[in-house]
């Protein structure tokens, strides 16, 4: 995801010199090619995320398009006031790119995990949110962010996510994607949880459970219609995300179901109001925190067994 983002940003800057790339210490080396090619469009602010956000708002006021990038907790949490006041309140054309979704930085501990960011960004007026599933979708989300006038948040994993898409497809802002159709249960996932949901759907199919699989790459604006259709046509809905069960994808789906008064069985898979204080590989952390492929399979079977 990281490399796809940087390569796409490079291509955008080749076409449009008003595009700028700002980073806050993290990722400086991987931007070497960009910095050599566009020295006047690149600034490394060091460990000064709040300053980077405020400067990006000022640069935007000069009809430039800054993309600001660093690890999610240091960008979204540390600079939240500046994102709120300087970017969102003023409707500035700034693209906020956070890396390390969920427990992607598994070995660095809870200070580097990102399980609250969707909730924080969702509550901000004027903010649009993309949560791509793989490298191809990262490219499309970055291009879509460039096309939008106003604040955008892009939530990335790292650079190791397996491909979800093998061929090109039509990326539409605010529209979920039906990856697989089914009639028993609907799995709705976002970001780097989509691949795990896809693996779980394959396992469930071997047990004769028909799974509808939906990728929500745009958290805001949200695709209510694809959720309502799933509630009408399948027996249960399970959401999967590397985020707290409070305020993220699961909450967006729950809001839709509550508003339209559907009685479909519903379960969220995510961080259950807790931090992950253990250390290990990405797969070990997902297992420990209850968001692994095995957890998805078990949850689906349990919810379908309920009368």
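Read-outs throughout are calculated quantities, based only on the coordinates presented, and are distinct from any laboratory measurement. These figures come from a predicted structure and were not determined experimentally. Cβ placement follows ideal geometry from the backbone for every residue including glycine, while neighbour counts extend to all protein chains displayed.
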Viscosity 0.692 mPa s, temperature 37 °C, Stokes-Einstein D of segment 177-305 from Kirkwood C-alpha radius, µm²/s: 226
Counting all C-alpha pairs of segment 56-97, share separated by more than 16 Å (%): 30
P(r) of the chain over all Cα-Cα pairs, binned every 20 Å from zero, in whole percent: 35, 56, 9, 0
Folded to 0 to 90 degrees: helix 135-147 orientation relative to the chain principal axis, Cα: 60
For the chain, calculated [θ]222 nm from helices alone, where every DSSP H run of n ≥ 4 adds -39500 (n - 2.57): -10500 deg cm²/dmol
Residue 143 versus residue 37: modelled label distance in nm, points set 7 Å from Cα along the beta carbon direction: 1.6
Two-decimal Rg to Rh for segment 244-284 - Kirkwood Rh, Cα set: 1.14
Spin-label proximity, residue 184 to segment 233-275 - amide N less than 15 Å from point 7 Å beyond Cα toward beta carbon: 234-238
Segment 72-207: radius of gyration over Cα atoms, expressed as a fraction of 2.2 N^0.38 Å: 1.12
Tilt relative to the chain, helix 2-15 - C-alpha long axis, 0 to 90 degrees, to 10: 50
Residue 287/residue 61 FRET efficiency (R0 51 Å; Cβ-Cβ; nearest 0.05): 0.65
For segment 2-156, alpha-carbon Rg over 2.2 N^0.38 Å: 0.93
